[in-house]
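Heads up: the structure comes next, in structure tokens.
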Amino acid sequence: MDTIVAIFAHPDDESCGIGGTLWLLKDRYQILLLCLTRGERGLSPGFIEVRAETARIREAEMRSVTRLLGAEVRFLDRIDGEVFADRAICELVAGILREVRPVLIFGMWPIDAHPDHAAASDIARKAMRIAGYNGEFWMHEEGIGQTAQFEPDLCVDISAVAEAKNQLIRCHACQNTDDALVHAMEELNRIRGSKAGCGLAEAFKSAQTRLAGKPSILATLNAR
């Protein structure tokens with residue numbers, strides 16, 4: 001079974017950004033999630049303190065997501081709030097890409113209010129270059145008021161798996177107080193869906209020209 005890789009900064013980025021699309025792909029591809037941090041500052045007031053207990057909680061939540069998706073996660077041991085696209089991490093990710101030889105990679109959009117998200121995008125793109133990757137690459141947005149200057153090239157209709165996406169987000173219970181993450185993502189997906197002519201959609205931007213002679217994997221979904 002061919003492999004799809006998603007590269008992101010924190011536990012919950014994957015479910016919020018592309019949870020519906022991952023659900024649509026999970027029975028056709030092996031999914032490998034590369035999580036740069038364990039979200040160690042995610043429960044600290046002002047996101048100031050690095051807390052081992054927070055890392056433990058968020059890692060466990062992330063592993064709940066992988067069980068639902070039938071996916072694998074690898075934590076790359078960077079620290080929440082201290083992610084940089086340095087040579088060591090880019091070469092580490094490149095080595096993984098050479099190992100698993102993915103047919104598609106998801107990365108984060110680089111213009112984002114959270115510096116870790118921007119760095120995660122840089123890491124993905126630099127690692128692909130180091131690895132000599134020439135497959136399909138799609139960047140995704142992360143949230144209203146967070147991702148900026150994002151104009152999608154393709155939207156995937158996730159209406160049929162909306163509750164499955166919500167289930168993935170709810171795995172990240174410590175970040176989803178009063179279902180706030182679920183509601184925020186539903187609002188964003190509804191906005192994208194209204195523009196794409198469907199109920200709910202996740203939006204993607206390509207950094208590539210279309211691959212000559214190769215159909216887009218995302219276009220084989222219920223894409224618009």
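Below are the figures for this structure:
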quantity	calculated
Residues of segment 135-149 satisfying the condition of being under 25 Å from Lys195 (Cα atoms) and either crowded, with 18+ Cβ neighbours inside 10 Å or touching a Gly at 6+ places or on another chain (Cβ under 9 Å) (or both)	Glu136, Phe137, Trp138, Met139, His140, Glu141, Glu142, Gly143, Thr147
Segment 121-134, residues that are open to solvent by less than 10 Å² (accessible area, probe 1.4 Å) and more than 18 Å from Glu14 (Cα to Cα)	Ala127
Cys155 vs. criteria open to solvent by less than 40 Å² (accessible area, probe 1.4 Å), assigned to a helix (DSSP H, G or I) and in contact with a helix residue (DSSP H, G or I) (Cβ under 6 Å, 6 or more places away or on another chain)	no
Of the criteria (1) at pLDDT 95 or above; (2) assigned to a loop (DSSP other than H, G, I, E, B); (3) not acidic (Asp, Glu), which one Ile144 fails	(1)
Of residues in segment 74-120 being in a strand (DSSP E or B), in contact with a Leu (Cβ under 9 Å, 6 or more places away or on another chain) and open to solvent by 20 Å² or more (accessible area, probe 1.4 Å), the one nearest to Leu24 (Cα to Cα)	Arg74
Number of the condition not met by Ile169 [criteria: (1) at positive phi; (2) in contact (Cβ under 8 Å) with a residue 40 or more places away in the chain]	(1)
In segment 1-39, residue nearest to Ala160 (Cα to Cα) [restricted to those that are hydroxyl-bearing (Ser, Thr, Tyr) and in a helix (DSSP H, G or I)]	Thr21
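Condition check ((1) more than 13 Å from the chain's Cα centre (by Cα); (2) crowded, with 18+ Cβ neighbours inside 10 Å) across all residues:
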{"residue": "Ser15", "(1), (2)": "no, yes"}
{"residue": "Thr21", "(1), (2)": "no, yes"}
{"residue": "Cys35", "(1), (2)": "no, yes"}
{"residue": "Arg41", "(1), (2)": "yes, yes"}
{"residue": "Glu49", "(1), (2)": "yes, no"}
{"residue": "Arg56", "(1), (2)": "yes, no"}
{"residue": "Met62", "(1), (2)": "no, yes"}
{"residue": "Leu68", "(1), (2)": "yes, no"}
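The values are calculated or read from the model by the stated rules, or taken from the named source; none is laboratory data. Keep in mind the model is a prediction, meaning the values are calculated, not measured. In this analysis, Cβ positions are derived from the backbone assuming ideal geometry, glycine residues included, and neighbour counts consider all displayed protein chains. The accessibility values were calculated without ligands, DNA or RNA, using every heavy atom of the protein model including side chains. Shrake-Rupley method; radii C 1.70, N 1.55, O 1.52, S 1.80 Å.
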